[in-house]
1. Which numbered condition trips up TYR23, out of (1) in contact (Cβ under 8 Å) with a residue 24 or more places away in the chain; (2) surrounded by 15 or more Cβ atoms within 10 Å (Cβ to Cβ); (3) in a loop (DSSP other than H, G, I, E, B)?
2. Scan segment 118-136 and report the pairs whose first residue is assigned by TED's automatic domain parsing to the domain that holds LYS107 and whose second residue is buried (at least 21 other Cβ atoms within 10 Å of the Cβ) and part of a loop (DSSP other than H, G, I, E, B), with Cβ atoms within less than 7 Å and a gap of 6+ or a chain change.
3. As an exercise: evaluate GLU77 against (1) at pLDDT below 85; (2) over 11 Å from the mean Cα position of the chain (by Cα) and give the number of the one condition it does not meet.
4. Quick one: count up the residues across segment 1-16 that are among the aliphatic types (A, V, I, L, M) and touching a Gly at 6+ places or on another chain (Cβ under 8 Å).
5. Here is a list: ILE82, ILE123, ILE140. Which entry is closer than 30 Å to ALA29 by Cβ and among the β-branched types (Val, Ile, Thr)?
6. Quick one: which of LEU81, LEU39, LEU57, LEU70 is surrounded by 11 or more Cβ atoms within 10 Å (Cβ to Cβ) and touching a residue at least 60 places away in the same chain (Cβ under 8 Å)?
7. Scan segment 112-125 and tell me whether some residue there is among the hydrophobic types (A, V, I, L, M, F, W, C), at pLDDT 90 or above, under 13 Å from ARG91 (Cβ atoms) and crowded, with 19+ Cβ neighbours inside 10 Å.
8. Pick out the one residue from ILE67, ILE54, ILE40 that is in contact with a Pro (Cβ under 8 Å, 6 or more places away or on another chain) and within 23 Å of ILE14 (Cβ to Cβ).
Amino acid sequence: MKKDEIIDCLSKKIKIIRVEMDYSQDYMAEILGISKKTLIQIEKGRIKAGWTVIVALCGLFRESEIIQNLLGEDPLEVLQLISRQNHALPREKTLGGRVWWTDLENKNGFRLQKNLVSGHYRILDGDQRRWLSSFDEAFIRKRMRELTSGKEQ
């Protein structure tokens, strides 16, 4: 998944997300920090939303079923990965991947999981804390080997 793909996809869904939230165009534009005219242009497909509008949309409406069906349970994690490319995220507590994730590997207290919606990977420790996320399978598997062999760098 790339930045332009997310922009394209969510720009096409912004009206549906607005309707899902039962917001007027005026209110939705105000929330996103854009003019109503710009919102109308996006909704009609004449222009695409900018990256900052997409980030605001995902941050402010992360509970949206539409956004979660496109990006998974944590849309902001996907946006961080795209923006930072394999950047180590803070070790925040997760729900352990009961719904959106499949376990690929479980070794020495660490789990390697793949997101069923976005296709990105993450490593969790025994306390369900995320150590790393990435779209790059080779990179994440290498880090998993390092963590489980005690060679963390």
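The values are calculated or read from the model by the stated rules, or taken from the named source; none is laboratory data. Worth saying up front: this structure is predicted, and the values here are computed from it rather than measured. Glycine also receives a Cβ, built like all others from the backbone with ideal geometry; neighbour counts cover every protein chain displayed.
1. Exception for TYR23: condition (1).
2. SER133/HIS120; SER134/HIS120; PHE135/HIS120
3. (2)
4. Final tally of qualifying residues: 2.
5. That would be ILE82, the only listed residue that is closer than 30 Å to ALA29 by Cβ and among the β-branched types (Val, Ile, Thr).
6. From the options LEU81, LEU39, LEU57, LEU70, the qualifying one is LEU70.
7. Yes, segment 112-125 has at least one match.
8. Of the residues listed, the single one that is in contact with a Pro (Cβ under 8 Å, 6 or more places away or on another chain) and within 23 Å of ILE14 (Cβ to Cβ) is ILE67.
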